[in-house]
Amino acid sequence: LSGKASAMLSWLNQMTFRNGELPELNDSAKDIAPATGELNAYARQLDIFTDSLPLSESGYRKIAFTKYELIIDAGNIIPSYNPGHAHCDMLNFCLNVNDKPVIVDCGTSTYERSERRKYERSTVAHNTITVDSAEQSDVWSSFRMGRRARIIDITASENSFSAVLSGFSTTGILHKRLWQFLTDKLIITDQILQSREHYCKAYLH
């Protein structure tokens, strides 16, 4: 139990911004559980120690500079057998500048079957792009998901990160997003890897 708790808290520390706050990704919400700092204090009382674990298997990446931090979502929908808490948020990101949130995710405010729930799981509610007004994956009802987008390629270097998304239902569209990291600047480039033209729209919240 101590080993599992250590691994879980180590991952949580990696996902926490310097200001102590978490990005509100997928079905997450504020003030429903102890903060990361409180959990670390409790772990120390129990002699549970944390480590610096990579985020690779989860699909998330955290980039930190003195001026800004961002967390990128470049993972597939997991767990595959229970996707009800997943959103259409691949290639989404959250950005803090000078330890203050600038680009944010809306998280979730309700589990009720409603237009609000539908919106919060939709592609347009996240910091990514839509292609021909289509959803990345097929979502419906409150906790249902059918055909799912997937990440088919990831390339990482010291100063950049890119991933390719295959999704938007049966269209076969590939969306490539490249993040380039400078000490005081972040450059994001989106490409649609298909010969014919599409109507694309980028969202930043």
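The values are calculated or read from the model by the stated rules, or taken from the named source; none is laboratory data. Keep in mind it's a predicted model, so treat the numbers as computed, not measured. A quick note on method: Cβ atoms are made from the backbone with ideal geometry, for glycine too, and the neighbour counts reach across all protein chains shown. For the accessible areas, the whole protein counts, side chains as well, though only heavy atoms, and no ligand, DNA or RNA atoms are used. Shrake-Rupley method; radii C 1.70, N 1.55, O 1.52, S 1.80 Å.
Key figures for this structure:
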read-out: R0 of 30 Å, Cβ-Cβ distance residue 35-residue 110: FRET efficiency to nearest 0.05; value: 0.85
read-out: Integer Hz, Karplus 6.51/-1.76/1.60 couplings in order for segment 116-124, x for Gly and Pro; value: 5, 4, 4, 5, 5, 8, 7, 5, 5
read-out: Interchain or long-range residues, amide H under 5 Å from residue 60's placed H; value: 74
read-out: Those trypsin sites (Lys or Arg not before Pro) in segment 1-46 that DSSP places in a loop and that have at most 11 other beta carbons within 10 Å; value: 18, 30
read-out: Proportion of all alpha-carbon pairs of segment 55-205 beyond 23 Å (%); value: 36 percent
read-out: Gap separating the Cα centres of segment 14-53 and segment 119-155, nearest whole Å; value: 27 Å
read-out: Anisotropy class of segment 138-205 from Cα gyration tensor, a/c 1.5 cut; value: prolate
read-out: For residue 145, residues with placed amide H under 5 Å, excluding near neighbours; value: 140
read-out: Segment 61-113: C-alpha gyration tensor shape, a/c 1.5 cut-off, then a/b vs b/c; value: oblate
read-out: Candidate lysines for bridging to residue 118, where Cα separation is under 27 Å - those fewer than 8 sequence places away on the same chain excluded; value: 30, 176, 201
read-out: Cα-based helix-to-principal-axis angle, 36-45 vs the chain, degrees rounded to 10; value: 30 degrees
read-out: Under Karplus coefficients 6.51, -1.76 and 1.60, residue-wise ³J(HN,Hα) of segment 159-165 in Hz, glycine/proline x; value: 10, 7, 8, 9, 8, 10, 9
read-out: Carbon and sulfur %, accessible surface of segment 57-205 computed with the full protein complex present, 1.4 Å; value: 49 percent
read-out: Rounded if a/c under 1.5, otherwise prolate or oblate - segment 100-148, Cα gyration tensor axes; value: oblate
read-out: GluC sites (Glu not before Pro) restricted to DSSP loop in segment 32-114 with at most 10 other C-beta within 10 Å; value: 112
read-out: Computed accessible area, residue 193, all protein chains, 1.4 angstrom probe, square angstrom; value: 80 Å²
read-out: Accessible area per residue in Å² at 1.4 Å probe, computed on the chain; value: 57 Å²
read-out: Segment 50-67 - phi-based ³J(HN,Hα) in whole Hz, Karplus 6.51/-1.76/1.60, Gly and Pro as x; value: 9, 10, 9, 8, x, 8, 4, 5, 6, x, 7, 9, 10, 10, 10, 10, 4, 8
read-out: Built amide H within the under 5 Å cut-off of residue 160, gap 5+; value: 181
read-out: Solvent-accessible ranking of 157, 195, largest area first, probe 1.4 Å; value: 195, 157
read-out: In segment 72-166, the chymotrypsin sites (Phe, Trp or Tyr not before Pro) that fall in loop regions by DSSP, at most 14 other Cβ within 10 Å; value: 81, 111
